[in-house]
Amino acid sequence: MKSHSLQLKHHDQGYWFVVNRGKLKLTTESLSIPFGAWNQQQITEPEMICHIGQWQEQPCYLVVSNDQQQEPEQWHSARALLEQAEQVWFELASRAVQLALFLQTHRYCGQCGSKMQLVSWELAMLCHKCGHRCYPRISPCVLVAICKEQQILLARSKRHKPGFFSILAGFVESGETLEQAAVREVYEEVGIRIQNLRYAGSQPWPFPHSLMTGFLADYHSGDIVCQEDEIEEAGWFDFAALPDIPPVQTLSGRMIRQLQAETSADE
Ligand SMILES: [Zn+2]
């Protein structure tokens, strides 16, 4: 998508994705993206403004702000938009937050140290001195939902509170396919072998720049052995008696509920 640095006029109208140190400015009443004219937004000295998309024929702008004086109650994680009825808000917010991070962390060339500039016709930062060009980083991550008869394997990582379980997740390493990463992660985290991998969907996850890719798999062999320092506990759960799981707006939450619905339909 075309995206470049802009000089706006006072009356330019659109949706304003204002990002300051990873947080989005949302309206106080409804926790939504502010809409209106540029001169109503009360943003002092924006560092950079880019066009990041369109929603219902209105432009969407990213404004990277470094203003430290803003009221803290206005700033929220993109997660606050997950529960909006329209999924598009979380997707646009993900894009905005990730691009802001990219712009803020690529001011200087990683190869020669010179100042970098935003390319006018594509979303990239370019060093005019040595020609090094960078694109926004996206870190692919696999989620694997493993079934064995009428049960699903769920695990709790050290990051999760007691009682909260999810499917296994891990980052794809350099040179790996998504499928290889899924097989490796499952074996590393719980010591079991899987088979019959099927793609289940994807979701951008801007914390800070992941792309979740979901797979369903069947159990093949092995006993659960939790990876130390990573997995606190793991086990097979009946679909009729699931513990606390991620919300339905997340890919993992959606996959677990889908399998649960399919299993109860089979009975
Ligand atoms: Zn350079």
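What follows is calculated from the coordinates using simple rules that are stated; it is not laboratory data. Keep in mind that this is a model prediction, so the values were computed, not measured. When we count neighbours, we look across all protein chains shown, and the Cβ atoms used for this are built from the backbone with ideal geometry, even at glycine.
Structure above, values below:
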{"quantity": "Normalised per residue, the volume of the convex hull around the Cα set of segment 44-115 (Å³)", "calculated": "122"}
{"quantity": "Relative contact order computed over segment 139-266 (Cα-Cα under 8 Å; 6+ residues apart), in percent", "calculated": "33"}
{"quantity": "Karplus-derived HN-Hα couplings along segment 37-53 (A = 6.51, B = -1.76, C = 1.60, θ = phi - 60°), whole Hz, x at Gly and Pro", "calculated": "7, 4, 6, 8, 8, 6, 10, 8, 6, x, 6, 7, 10, 10, 7, 10, x"}
{"quantity": "Nearest-ten-degree value, helix 178-190 long axis tilted from longest Cα axis of the chain", "calculated": "60"}
{"quantity": "In Hz, Karplus ³J(HN,Hα) per residue of segment 104-117 (6.51, -1.76, 1.60; θ = phi - 60°; x = Gly, Pro)", "calculated": "6, 9, 10, 6, 10, 5, x, 9, 10, x, 6, 5, 9, 10"}
{"quantity": "Within a Gaussian network of the chain (alpha carbon springs, distance under 10 Å), most fluctuating of Ala96, Ala145, Ala124", "calculated": "Ala124"}
{"quantity": "Calculated [θ] (222 nm, deg cm²/dmol) that DSSP helices of n ≥ 4 give over the chain, each run adding -39,500 (n - 2.57)", "calculated": "-6000 deg cm²/dmol"}
{"quantity": "Count of Lys pairs (Cα-Cα under 27 Å; at least 8 positions apart or interchain) in the chain", "calculated": "12"}
{"quantity": "Principal-axis tilt of helix 251-266 within the chain, Cα atoms, nearest 10 degrees", "calculated": "40"}
{"quantity": "Cβ-based exposure ranking for Val172, Val190, Val119, in which fewest neighbours within 10 Å come first", "calculated": "Val119, Val172, Val190"}
